[in-house]
1. Highest mean first, what order results for 42-54, 24-36, 162-174 on Cβ atoms within 10 Å?
2. Would you please give the residues with an amide H less than 5 Å from that of Ile39, counting only those at least 5 places away or on a separate chain, with H modeled from the backbone geometry?
3. Over region 31-74, what percent of the accessible surface lies on carbon and sulfur atoms, probe 1.4 Å?
4. What part of the accessible area of region 102-175, given as a whole %, is carbon or sulfur when the probe is 1.4 angstrom?
5. Using Cα centres only, tell me the gap between region 41-92 and region 143-175 in whole Å.
6. From the phi angles alone, apply the Karplus equation (6.51, -1.76, 1.60; θ = phi - 60°) to region 166-175 and give each ³J(HN,Hα) in whole Hz, x where the residue is Gly or Pro.
7. Residue-wise, which Karplus ³J(HN,Hα) couplings in Hz belong to region 98-114, taking 6.51 cos²θ - 1.76 cosθ + 1.60, θ = phi - 60°, and x for glycine or proline?
8. Could you run the Karplus curve 6.51 cos²θ - 1.76 cosθ + 1.60 with θ = phi - 60° over region 67-72 and give me ³J(HN,Hα) per residue in whole Hz, x for Gly and Pro?
Amino acid sequence: AGMKIARPDLRIVAVGGDGDGLGIGGGHLPHVARKNVDITYILIDNSIYGLTKGQSSPTSPLNMKSKTAPYAYVEEPLNPLAMFLAYNASFVARGFSGKPKDLKHIFTEALKHKGFSVLHIFSPCVTMNQQVTFKTMNEIVKPLPDDWDTSNRLAGLEKALDTETFWIGIVYQDQ
């Protein structure tokens with residue numbers, strides 16, 4: 001946000017993971033979203049602290065075993081999509097690293113958006129998280145319908161809270 005204030009002519013893109021974006025630094029995002037600072041934030045979510053050798057993260061699935069939860073993770077995982085919609089972010093999208101063509105469209109639209117745009121990109125960690133794989137994700141990932149109304153925040157929240165399907169695309173946008 002400080003960079004955008006100092007240099008409003010720049011397009012600012014920030015990239016973070018589920019741990020630093022929703023855990024360690026999670027307190028910063030609600031304020032940037034509600035102030036609608038013209039920044040694109042890419043949240044790469046692998047549901048684990050992979051670089052620190054497999055600790056559970058804020059988005060680790062319930063009952064997942066990890067080095068910090070050897071008997072299973074007992075906390076309900078955070079829902080980034082629902083959180084960003086609740087924060088009143090003006091552009092909220094979700095993608096899956098296993099669908100790169102879909103990601104290209106989402107990235108392009110996020111960068112064109114004037115205001116705070118956030119992309120929640122799920123990318124399974126094939127080393128530290130054996131519970132969630134590309135194969136299991138491909139079974140539940142579905143694109144939002146072609147006639148999806150991106151102006152309907154409540155409908156976006158319903159899709160975010162759907163635990164059976166992992167909806168991808170632009171969930172909400174208010175220019």
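1. Numbers: 42-54: 20.3, 24-36: 15.3, 162-174: 17.2.
Packing order, densest peptide first, comes out as 42-54, 162-174, 24-36.
2. Gly115, Phe116, Ser117
3. Looking at region 31-74 in its full context, I get 59 percent from C and S.
4. 55
5. Going from one Cα centre to the other spans 20 Å.
6. Working through the residues one at a time gives 9, 6, 10, x, 7, 7, 8, 8, 9, 6 Hz.
7. Each residue's phi maps through the Karplus curve to give x, 10, x, 5, 5, 5, 4, 5, 4, 4, 4, 5, 5, 5, 7, 5, 8 Hz.
8. Those phi angles translate into 5, 9, 9, x, 9, 2 Hz.
The values are calculated or read from the model by the stated rules, or taken from the named source; none is laboratory data. Being a predicted model, the structure only gives us computed values, none of them experimental. In this analysis, Cβ positions are derived from the backbone assuming ideal geometry, glycine residues included, and neighbour counts consider all displayed protein chains. With ligands, DNA and RNA removed, areas are computed over all heavy atoms of the protein, side chains included. Shrake-Rupley method; radii C 1.70, N 1.55, O 1.52, S 1.80 Å.
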